[in-house]
1. Before we move on, is Arg557 assigned to a helix (DSSP H, G or I), over 26 Å from Leu604 (Cα atoms) and touching a residue at least 12 places away in the same chain (Cβ under 8 Å)?
2. Does Glu343 qualify as being touching a residue at least 40 places away in the same chain (Cβ under 8 Å), surrounded by 14 or more Cβ atoms within 10 Å (Cβ to Cβ) and more than 30 Å from Ser140 (Cβ to Cβ)?
3. Could you run through segment 585-617 and say how many residues are in contact (Cβ under 8 Å) with a residue 24 or more places away in the chain and either part of a helix (DSSP H, G or I) or hydroxyl-bearing (Ser, Thr, Tyr) (or both)?
4. Might you check whether a residue that is at pLDDT below 90, farther than 15 Å from Arg320 by Cβ and outside any helix (DSSP H, G or I) occurs anywhere in segment 238-253?
5. I need the full set of residues from segment 144-180 which are assigned to a loop (DSSP other than H, G, I, E, B) and surrounded by fewer than 21 Cβ atoms within 10 Å (Cβ to Cβ), in order please.
6. Restricting to segment 222-232, and then to whatever is at pLDDT 75 or above and surrounded by fewer than 14 Cβ atoms within 10 Å (Cβ to Cβ), can you tell me which residue is nearest to the chain's Cα centre (by Cα)?
7. Quick one: Leu562 ticks every box in (1) modelled with pLDDT of 85 or more; (2) in a loop (DSSP other than H, G, I, E, B) bar one, so which box is it?
8. Being surrounded by 20 or more Cβ atoms within 10 Å (Cβ to Cβ) and farther than 13 Å from Gly103 by Cβ narrows it down to one of Phe141, Phe209, so name that one.
Amino acid sequence: MRQPFLIGIVTLLCINLCKAESSRSTISSLEERLLDIDEELDQLAAFTLRHGIGSVGYRSQVHQTPDSPEWIRIELGDEVLIDQAVLVPMLFLVPQAGFQAEGFPHAFRILAGTAQTTNVVAEILEEDQVMPRIAPLAVSFPPVKASWVMIEASMMSSRVLDDRYTLQLSEIMVFSGNDNVALHKPITVAPPPRKPVAAHHQKYLADGFTPYLMDAAGEAESTTRLLRINAANPPPTLTINLNATYPVGQINLHTANLEYSIPMSQPSNRAVPSHVRILGANRSDFSDATVLCEHRQESLYDNGPIIILHFPETECSYIRIEILDPIPVGSLSSRNNLIAFSEIEVISGGCNIALHAPVAANESFSTSPKLLNLITDGLNYYGEILPIREWMTQLSRRHDLEKERPLVVSERNRLYAAQKVILKKTQGTALFLLVAIAFTILIDHIIRLRQAARIRERLAADLHDELGATNYTIGLFSDAICRENCTPEKRKMLHERIRAIVDQNGRAIRNISNLLDADIYQGLVQDIERIAERVSGKVDHSLTIEGEEFLGQLLPRTRADLFLFFKESLVNVCRHSTATAIRTHIAATPKHLKLTVSDNGQGLSDNKIPKSLKRRAKLFKAKVGIGESPDGGAQITLTLRIRRRLNWTAIFNRP
């Protein structure tokens, strides 16, 4: 009983330890994932929102239900191989939540194709939970040839103010390598909004302006300095020497971040010239100059953090920026002879070939070469200048990691709490196991002491009952030998019987030394008859048995105890009762046994049960009583409940 209990406790302890170890392993993997996330976040561009006035993007018609169809189609022109689309959300300030995307679709498809083909290159489902967000969504797909790209929204999100549904985007970029092939391309929508707002127009979906400022990871930064214009003639120019001939197809003008206060004292386009012309040449004197492109700001919405000018590729060794009108649109400053660029990138094959290239200014500027070199140092106010595709991909990745991180932290904290519970249970189980072991040892010690006491008591009883009867018989035979009329033949016979009794007494002592050995009492009836004949001597003894077949079902130890009880009863009767007749009656049933020993002697005056009989009855949990015999003497009665050993073989083989 104790072993299964302890095994169960140890098993429970092992289970708790296994759970704790498994939880520790999972927590370790989550901790490693958190470190990986934090390490990767440190390498990604941050979300820094632009300020001031500018184009917002496109807003569709307003709908009452979210599943109203809306689509946007961009005509790319010539067929190109594309592999990524970026959807930049329109941001709105939400109470208690800060800036959030408004009108960004919950579910949509991206289709791309040519005049002969149509391909679904990507599909975002509502289950993907792309909202809420402020980051762009970069969707990569296997390269596909396309002359057009379409966004089909199937589930729109609601507006903040009135909970009606609309499709709103700030910018759509389609990349072929690092080249945004959707830049300044024609866009159609269906149906167009009824009352378009100046800052909300479909053309702004491909103007290259986003709601973000480029804030790359790292500590490097560059402070933009104002360049002073002394004269308008000749037009102020900045010339970049590429040191080699490259096919140039794009110029990126990074406008300067000159207003750091909140609120701003000047428009965000301060020091951005409203009209510039880009020239390319292979000769340093620009005698073979080619006009690459012009940029004219018609309104404040034509300005942004990065002005991307795209044009047909032209072989160039030198690039010149002519400032045709330095006055920004909507300028509030009286000093309009200042311009500033935080960086000028010249893009060829997706790379900035003007990085660290020398910059020269004509006599219309009043500046130093040190300040001019800042224009091509590859840095803005926040840090490193990134390719547009990499910048958008990093912002999209940052969103995914920042969305994942709280989930990992929550799961880690949940496992920590569960581990604490498991550890408490383990500590409790271990403590309980220690107490149980100590208690088991104590109980086992007490049981062993009780067993030792019972063994001593049984040994004493067995020795008393076995040797008492034997000594009494030897005494009777000795008295008979001492009588004067004892013949030599009779004396010899008595000596032989005494010798036989002594040998039997030795065997009995040997059997007493092994309490489990009760083989000598298998023939219980014959043993009772034999001991009655030997002890009673000349006293008449009669034995009657009812249910003799049930005596064979007694346990060996019970048979031995019953025999020794009868033997002790017979000795007591022969010693003290002066009886001439003794009657023994055994009545056995499947469940009970009753032994009655009665005589015709003088009886007991106080009917007090002898101690030896009490002790023997107690050993096998029987009840003993004493009373008056019908013949006038004493009557000893023993009642016993039969405990039978189950025959498992017979039980399992029962048909």
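1. When the stated conditions are applied, Arg557 passes them.
2. Working: touching a residue at least 40 places away in the same chain (Cβ under 8 Å): yes; surrounded by 14 or more Cβ atoms within 10 Å (Cβ to Cβ): yes; more than 30 Å from Ser140 (Cβ to Cβ): no.
It is false that Glu343 is touching a residue at least 40 places away in the same chain (Cβ under 8 Å), surrounded by 14 or more Cβ atoms within 10 Å (Cβ to Cβ) and more than 30 Å from Ser140 (Cβ to Cβ).
3. The total comes to 8.
4. At the first step, the residues of segment 238-253 found to be at pLDDT below 90 are none.
The answer is no, given that none of the residues of segment 238-253 is at pLDDT below 90, farther than 15 Å from Arg320 by Cβ and outside any helix (DSSP H, G or I).
5. Taking segment 144-180 first, the residues assigned to a loop (DSSP other than H, G, I, E, B) are 156, 159-164, 167, 177-178.
Within segment 144-180, Arg159, Val160, Leu161, Asp162, Asp163, Arg164, Gly177, Asn178 qualify.
6. The qualifying residue nearest to the chain's Cα centre (by Cα) is Asn230.
7. (2)
8. Values: Phe141 fails: surrounded by 20 or more Cβ atoms within 10 Å (Cβ to Cβ).
Of Phe141, Phe209, the one residue that is surrounded by 20 or more Cβ atoms within 10 Å (Cβ to Cβ) and farther than 13 Å from Gly103 by Cβ is Phe209.
The values are calculated or read from the model by the stated rules, or taken from the named source; none is laboratory data. Bear in mind the structure is a predicted one, so any value in this text is a computation, not a measurement. When we count neighbours, we look across all protein chains shown, and the Cβ atoms used for this are built from the backbone with ideal geometry, even at glycine.
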